[in-house]
Each structure stands twice: as C-alpha cells, then as structure tokens.
Amino acid sequence: MDFGTLVGIIAGLGLVIIAILSNSGLGLFVDLPSMMIVVGGMSAAILVAYPLNELLRVIGLFIKVFFVKKTDQHEIIETMVMICNVARKGGVLAIESKLKDIDNGFLKKGLQLTVDGKDENTVSTLLKREIKQIQVSHRDGWEIFSEMGKYAPAFGMVGTLIGLVQMLASLADVASVGPKMAVALITTFYGSILANLVFIPMTTKLKRRSAVETLEMNLVLEGITYIRKGVNPRFMQEVLENSLAAYHGKRMQKEDFEKKTAKVKKA
C-alpha cells in the first residue's frame, strides 16, 4: 500500500479542519446542497465527456493510487545480466530453462519470443507495440482524473453563482446577506479541496507511475537487444544502470557499480 498518498490526503484534510476549528465551528462549512452541486455536476460532466465503459475504470484506478506493486529496477537489470551470462555460455535456447524463475511478465515475454526464434525486428516491434498500448491505457486513466480536477472547481464556481443570485434576490433582508454569501462560497471551497487535494495530485501520481513503468519496459527492451547480440554482461549492466541513473537525475557512483557487478556470476 502507498501510505504516502493516504497520509497526504488525511494530513491535508486535517490541516484544513484544524484551521477551520481554530476560528469557527465546522458546521459552517458543511452544506449538502453545495456538495451535491460540485460532485453531481462534476460527475455529469465526466459522463458527457467519456464513454461509460471508460468511466468504470475509475474505481480501479482510484484503488491503484493507494495500492501499487513495487518493482526493484536494479533487480530487473541483474536478472537480465544473469540471462545474458546464460545465453553467452549455452546459446539463446539455454534461456528457456530460466524463464520459469522470471517474475517480470514483460521480460519473460520478450525472452520467450527470442527462444521461439523470432527475429530481432519482430521482437522489437511486438514489445514496442505493447509499450505503446500500456502508455495509451495509462493516459486514458489519468486524463479522467485530470478532467475531474478541472470540473470540480468549475462547478464550485457554478454553485457560488447560484448562491450569489439567491443572495441578491433577498437584499431587502440585510441580516440574511452574510449567511447566504457564506453558503455561496462553500461550493467553491468544496471544488478547490477536491481538485487540489484529490484529483490533481492523483493525476500526477498516475503520470509518475506510468513513466516509471515505461522506463522499466524500455530497459527490458534494451536488455533483450543486448542479450540477442551476445554483448559482455558487465557492459550491458553498466549501460542499463547508467540509463536508470540518468532517468533519476543522478550519476551512479563507481563504488555502487562495483558493488552491483560483483553480484554477477560469471558463466
């Protein structure tokens, strides 16, 4: 479970509630009609914008934000280095005996295609196509949350306008102007909270995870290419580790590299 996401949302709401309670009662910020305008309007707009079958994915994506299967990118590289050693010693067909021990489905698929005798261009084309499909699937998911982040404050403003109209219609009753103005602004408050604490951060998180998964798949694709060419396993590991380090915005230290390459067993 991604506790950072859960803690972030709870902490954000908690700080807002504490700020409210320090100056007034929480009841002033609870208004069911305002919430209905924001949530209902946002949901209706999403239904107009997207097909229903795509919207059904939202529940799964919402859960995915909190629960994610973590992968060790260095372990993926070390696995490919091990496979490279096996291939250099016994040929490509020797890889087949190691497939059952590989957990990464994308890597296993690429190696299976290699063992099955598919040429390099075919393997590369099939794997790149799968990477593209994954990217499109991820984009379709986070785009929905991105749009929800836009619609929530927009309908918050709609609710505020409704409240202002009602307030202006009763200006004769001066005593009611203040309370009605407060209620009018609550919808904007709800929309802003939903957008900036839930939907926009979730969009960013899903984008980040998509980028990381794409990185891992590209590392696998590059590694399989090296395995097919029979390059030196140490060279392959250095290239892939440096690619990984470059992505994370840091250069791999020589000591770290020596430590990792020491784990590689020579064929």
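The values are calculated or read from the model by the stated rules, or taken from the named source; none is laboratory data. For clarity, every value in this text was computed on a predicted model and none was experimentally measured. With ideal geometry, Cβ positions are generated from the backbone for all residues, glycine too; neighbour counts draw on all protein chains shown.
Considering (1) within 30 Å of Lys64 (Cβ to Cβ); (2) hydroxyl-bearing (Ser, Thr, Tyr); (3) surrounded by 14 or more Cβ atoms within 10 Å (Cβ to Cβ), the lone condition that Thr160 does not fulfil carries the number (1). Checked against (1) without any contact (Cβ under 8 Å) to a residue 12 or more places away in the chain; (2) under 30 Å from Met181 (Cβ atoms); (3) under 24 Å from the mean Cα position of the chain (by Cα), Val136 passes all but a single condition, namely (2). When we screen Leu219, Leu215 for residues that are buried (at least 16 other Cβ atoms within 10 Å of the Cβ) and under 29 Å from the mean Cα position of the chain (by Cα), the only hit is Leu219. In the stretch 50-65 there is at least one residue matching the filter, namely being under 30 Å from Gly110 (Cβ atoms), of a type in the set (Lys, Arg) and under 22 Å from the mean Cα position of the chain (by Cα).
Here Lys260 meets the list (1) at pLDDT 70 or above; (2) surrounded by 16 or more Cβ atoms within 10 Å (Cβ to Cβ) almost entirely, failing just condition (1).
Sort through Gly141, Gly191 and tell me the only one that's in contact (Cβ under 8 Å) with a residue 24 or more places away in the chain, over 17 Å from Phe66 (Cβ atoms) and in contact with a helix residue (DSSP H, G or I) (Cβ under 6 Å, 6 or more places away or on another chain). Working first, answer last.
On the way: Gly141 fails: over 17 Å from Phe66 (Cβ atoms).
Just a single option satisfies the conditions, and that option is Gly191.
Only a single criterion out of (1) among the hydroxyl-bearing types (Ser, Thr, Tyr); (2) crowded, with 16+ Cβ neighbours inside 10 Å; (3) within 25 Å of Thr71 (Cα to Cα) is not satisfied by Thr125, namely (2).
Residue check, Gly110 against (1) at pLDDT 90 or above; (2) farther than 17 Å from Glu222 by Cβ, all met but one. Which one? Failing condition for Gly110: (2). Of all residues in the stretch 146-171, those that are over 10 Å from Thr188 (Cβ atoms) and in contact (Cβ under 8 Å) with a residue 24 or more places away in the chain have Cβ atoms under 9 Å from Cβ atoms of residues that are of a type in the set (D, E, K, R) and assigned to a helix (DSSP H, G or I), 6 or more apart or on another chain, in Ser146/Lys207.
Among the candidates Leu107, Leu32, Leu113, single out the residue that is of a type in the set (A, V, I, L, M) and free of Cβ contacts under 8 Å to residues at least 12 places away in the same chain.
On the way: Leu107 fails: free of Cβ contacts under 8 Å to residues at least 12 places away in the same chain; Leu113 fails: free of Cβ contacts under 8 Å to residues at least 12 places away in the same chain.
Just a single option satisfies the conditions, and that option is Leu32.
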